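Below is one structure; the comments refer to it alone.
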Amino acid sequence: MAEDNAPKAAPAKKGKLKLIILLVLVVTLAVGLSVVGTMWFLGGGGIPGITGGDDEEVAEQVDVFVPSTYTLLDKALVTTVQAEGRQRYAQAYLAFEANNPEALAAASQHMPLLRSRLISVLGGRSFENLQTPEGRQALADDMLEAVNSALEQEGEPPLLRVLFRNFVVQ
């Protein structure tokens, strides 16, 4: 009666392989659904059958980038401003910004008129107002309005912005 001392083979783990395959399938499905859900939420983005609108509407919504062009005023605008009974000076070097080169050409053509309007706007400010960032921004906005109204009277296209290259009050 010999006893068999040989070790018995370990029982096979039947559920491990199925569990791993199931987990991989669930993770893959979750990633796929999150991608499709994100694309649907963002408007279709190239998924066939899922669109946010007609292709023609999407083409119309795409804006074409038009770079700005600039022209510099060579000479500074210098004028006096009032400050509590004292006479002060303001000096501003300016640049004009436009998307349309025709607007800058028109501004160069009508520069004497524009300089006169800009000096009037600058001279009408108080010294205290010109010392604050808000006051300088309001000055730039009013200068743009004055320049565009002069260009409009001449039948020319408007500018986008008046920019300060250098600004000094003393």
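With all protein chains present, how much of the accessible area of region 68-121 (probe radius 1.4 Å) comes from carbon and sulfur, to the nearest whole percent?
C and S atoms contribute 48 percent here.
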Loop chymotrypsin sites (Phe, Trp or Tyr not before Pro), region 65-116, which have at most 15 other Cβ atoms in a 10 Å radius of their Cβ (DSSP):
F65
Give me the percent of Cα-Cα pairs in region 105-167 that sit more than 13 Å apart, rounded to a whole number.
62
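Of the trypsin sites (Lys or Arg not before Pro) in region 116-166, which ones lie in a loop per DSSP and count no more than 14 other C-beta atoms within 10 Å? Walk me through the numbers on the way to the answer.
On the way: sites: R117, R125, R136, R161, R165; in loops: R125.
Sites meeting the loop and neighbour criteria: none at all.
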Roughly speaking, what is the stretch gain from I21 to E152, that is 0.36 nm per residue apart minus the C-alpha to C-alpha distance, in nm to one decimal?
39.9 nm
Rounded to the nearest 0.05, what FRET efficiency is calculated for T38 and D63 with R0 set to 30 Å and r the Cβ-Cβ distance?
0.80
If I take R0 = 41 Å and measure r between the Cβ atoms of L72 and E134 in this structure, what FRET efficiency does the formula 1/(1 + (r/R0)^6) give, to the nearest 0.05?
0.95
Accessible area per residue, Å², region 126-170 with all protein chains present, probe 1.4 Å:
57
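The values are calculated or read from the model by the stated rules, or taken from the named source; none is laboratory data. Worth saying up front: this structure is predicted, and the values here are computed from it rather than measured. Ideal geometry is used to build each Cβ from the backbone, glycine not excepted, and the neighbour counts take in all protein chains shown. SASA here: full protein model, heavy atoms, side chains in, ligands and nucleic acids out. Shrake-Rupley method; radii C 1.70, N 1.55, O 1.52, S 1.80 Å.
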